[in-house]
Amino acid sequence: MGLENVSNSSAHEEKPADVEELLREGNNVSIKVRGYSMYPFLIPGKDSVIVEPAAGMDAFKRGEVLLYRRATGLLVLHRVWKVKNDGLYFVGDNQMEIEGPLDRKQVIGRMVSFEKNGRYHDVSWVPYYISSRVWLFLRPLRGSISRFIHKLKS
């Protein structure tokens, strides 16, 4: 998921390029979701996420959603697939391919909450927590699941 609208806790709009600076200054940032890589949990143009700074974080866990900068310069918000000694491995909720290893230094933030249908939910909200972990576990079957759902819809 790339970045679109970014704001800090004082609710003023910032450019996506400012997100790292805001996080370095210790601010939480609100990011409007853009792109389908985190679908169905985050819907582009509709949902927003709140990201806290990653400065000082040294422990990352499977299943949490982190904001990181790829070597190409793109900021991405994806879920941790695996934590290993050689780095972190990520996957979008709407993807099957694993990205990594990425250096822990590339992580700049952690999603702490999200807005869905005008309501904010913490990442520990039980329905989200359980469904996101089940979906992560089902990663190898996502293609088949998606095809089945599309057949049901048509």
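Structure notes:
- Residue ID - least open to solvent (accessible area, probe 1.4 Å), chosen from residues in the range 54-99 that are in contact with a helix residue (DSSP H, G or I) (Cβ under 9 Å, 6 or more places away or on another chain) and among the aromatic types (Phe, Trp, Tyr): Tyr68
- Tyr128 meets the conditions (1) over 15 Å from the mean Cα position of the chain (by Cα); (2) within 25 Å of Asn27 (Cβ to Cβ); (3) touching a residue at least 40 places away in the same chain (Cβ under 8 Å) in every case but one. The failed one is (1).
- Looking across the range 68-84, the residues that are farther than 21 Å from Met96 by Cβ and within 14 Å of the chain's Cα centre (by Cα) come down to Arg69, Leu75.
- Every pair of residues 6+ apart whose Cβ atoms lie under 7 Å, when the first sits in the range 104-121 and is over 17 Å from Ser48 (Cβ atoms) and of a type outside the set (A, V, I, L, M, F, W, C) while the second is in a strand (DSSP E or B) and open to solvent by 30 Å² or more (accessible area, probe 1.4 Å): Gln106/Arg69
- If the condition is being at pLDDT 95 or above and of a type in the set (A, V, I, L, M, F, W, C), then the range 77-103 contributes Leu77, Val80, Trp81, Val83, Leu88, Phe90, Val91, Ile98, Leu102.
- Residue within the range 40-59 that is free of Cβ contacts under 8 Å to residues at least 24 places away in the same chain and within 16 Å of Trp81 (Cα to Cα) present: yes
- Set side by side, the residues Arg147, Arg133 differ, and just one is more than 21 Å from Arg34 (Cβ to Cβ), of a type outside the set (Asp, Glu) and under 16 Å from the mean Cα position of the chain (by Cα), which is Arg133.
- Of all residues making up the range 131-144, the number that are touching a helix residue (DSSP H, G or I) at 6+ places or on another chain (Cβ under 9 Å) and either in a helix (DSSP H, G or I) or in contact (Cβ under 8 Å) with a residue 24 or more places away in the chain (or both): 2
- Among residues of the range 1-25 being in a loop (DSSP other than H, G, I, E, B) and either modelled with pLDDT under 60 or in contact with a Gly (Cβ under 6 Å, 6 or more places away or on another chain) (or both), the one that is least open to solvent (accessible area, probe 1.4 Å) is Met1.
- None of Met38, Met111, Met57 is at negative phi and over 12 Å from the mean Cα position of the chain (by Cα) except Met57.
The values are calculated or read from the model by the stated rules, or taken from the named source; none is laboratory data. Please read these numbers as outputs of a predicted model, since none were measured by experiment. Heads up, the Cβs are rebuilt from the backbone with ideal geometry, glycines too, and the neighbour counts pull from every protein chain shown. Quick note on the areas: whole protein, heavy atoms, side chains included, nothing else; ligands and nucleic acids left out. Shrake-Rupley method; radii C 1.70, N 1.55, O 1.52, S 1.80 Å.
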